[in-house]
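Take a look at the structure set out below.
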Amino acid sequence: MSLHGVLVIDKPRGLSSAQVVARVRRALHEKSAGHTGTLDPMATGVLPIVLGEATKIAGFLLADDKAYEGELELGVSTDTLDAEGQVLARADWQHVDEAAVRAALAGLTGELRQVPPMHSALKQDGKRLYELARAGHEVERQARPVRIDRFELLELAPPRLRFAVDCSKGTYVRSLARDLGEALGCGATLTALRRTRSGRFSLADAVPLTDDLAAAARDRLVRPAAAIDHLPAWPISDAEAARVAQGQRLPLPPEATEGTIWRLLTPSGALAAVAEARAAGEGVLKAAYLRVMVPAANGQHSG
């Protein structure tokens, strides 16, 4: 029987996110699988893997905020902004004290505009930036808005510095490490990174890739309805779920406002669809389906 849900993996260092997905797919004999936010090979920690029908809700998980703990080395700058790159420069770091670090961290908190690193999976003109970087090309990148809710010093043992970050999607912690080094006047590069949270999923939910993944999937799989439980729920009948499967729009509850996104749940609690409230005339809001789940999958392993 196919699995439909989210399995949270504690990604080990040295594997790409795509390689982790491939291992999970093989272990569970699942054709349909994906991840909900890339972790660099050097990074470890929370990597939610969507399986089966849950791949349809991956986009709603990609938008989740993230949390990390990491370590950087002061006085070193690299081309990849982490310890796996080539050293470009070294500088004296001995003037850096705790007060300077805390002030620099505060200056990098809030709404920021961040230039993505060249060594990243973003595409420009149809090519990954890291492919261009490996070919020796550097291109201009547009700064993107990010939000840093917390950038906290955990330990200062120069030239090493441990920190914690809570941030919006799309934030490059490697770039934050670089910016912190620049603010301190000595440069810095990321040496370790661990994602501790991705949306509702934390390390407490994660299973090691070395575990029996079939058993883990039976015991720890998060149903699609629960995976996106930050969205409001609207219970529907089995008959209404059949109408949803046929694409027929249903009226949403009176408390719905235009543009809000809802989970439509069957009597068993399975996810029938994700829908946006849109005006349908005469003050009525109806469900415009963003994702519709296969009815046959709305059983034990789906919703």
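The values are calculated or read from the model by the stated rules, or taken from the named source; none is laboratory data. Here the structure is a predicted model, which is why all the values come from computation and not from measurement. As a convention, Cβ positions derive from the backbone with ideal geometry for all residues, glycine included, and neighbour counts pool all protein chains shown.
Read through the list (1) surrounded by fewer than 19 Cβ atoms within 10 Å (Cβ to Cβ); (2) not in a loop (DSSP other than H, G, I, E, B), then give the number of the only condition that Ala67 fails. Every condition holds for Ala67 apart from (1). Mind checking whether some residue in the stretch 47-55 is at positive phi, buried (at least 23 other Cβ atoms within 10 Å of the Cβ) and not assigned by TED's automatic domain parsing to the domain that holds Leu154? Yes, the stretch 47-55 contains at least one residue that is at positive phi, buried (at least 23 other Cβ atoms within 10 Å of the Cβ) and not assigned by TED's automatic domain parsing to the domain that holds Leu154. Under the condition of being within 20 Å of Ile57 (Cα to Cα) and either small (Gly, Ala, Ser) or assigned to a loop (DSSP other than H, G, I, E, B) (or both), the residues counted in the stretch 281-292 number 2. Tell me yes or no: at least one residue of the stretch 141-158 is in contact with a strand residue (DSSP E or B) (Cβ under 9 Å, 6 or more places away or on another chain), at pLDDT 90 or above, under 30 Å from Leu221 (Cβ atoms) and assigned to a strand (DSSP E or B). Yes; the residues of the stretch 141-158 include at least one that is in contact with a strand residue (DSSP E or B) (Cβ under 9 Å, 6 or more places away or on another chain), at pLDDT 90 or above, under 30 Å from Leu221 (Cβ atoms) and assigned to a strand (DSSP E or B). If only residues of the stretch 223-280 that are among the basic types (Lys, Arg) and assigned to a loop (DSSP other than H, G, I, E, B) are counted, the one that is nearest to Leu51 (Cα to Cα) is Arg223. Exactly one residue out of Leu176, Leu193 is touching a residue at least 24 places away in the same chain (Cβ under 8 Å), assigned to a strand (DSSP E or B), among the aliphatic types (A, V, I, L, M) and assigned by TED's automatic domain parsing to the domain that holds Arg102: that is Leu193.
Restricting attention to the stretch 34-47 and to residues that are of a type outside the set (Val, Ile, Thr) and under 8 Å from the mean Cα position of the chain (by Cα), the residue that is modelled with the lowest pLDDT turns out to be Gly37.
State which residue is surrounded by the most Cβ atoms within 10 Å (Cβ to Cβ) when the search covers only the stretch 26-46 and only residues that are within 22 Å of Ala226 (Cβ to Cβ) and of a type outside the set (A, V, I, L, M). Here the residue is Thr36. Within the stretch 199-222, the set of residues being under 19 Å from the mean Cα position of the chain (by Cα), of a type in the set (A, V, I, L, M), surrounded by 14 or more Cβ atoms within 10 Å (Cβ to Cβ) and part of a helix (DSSP H, G or I) comprises Leu203 only.
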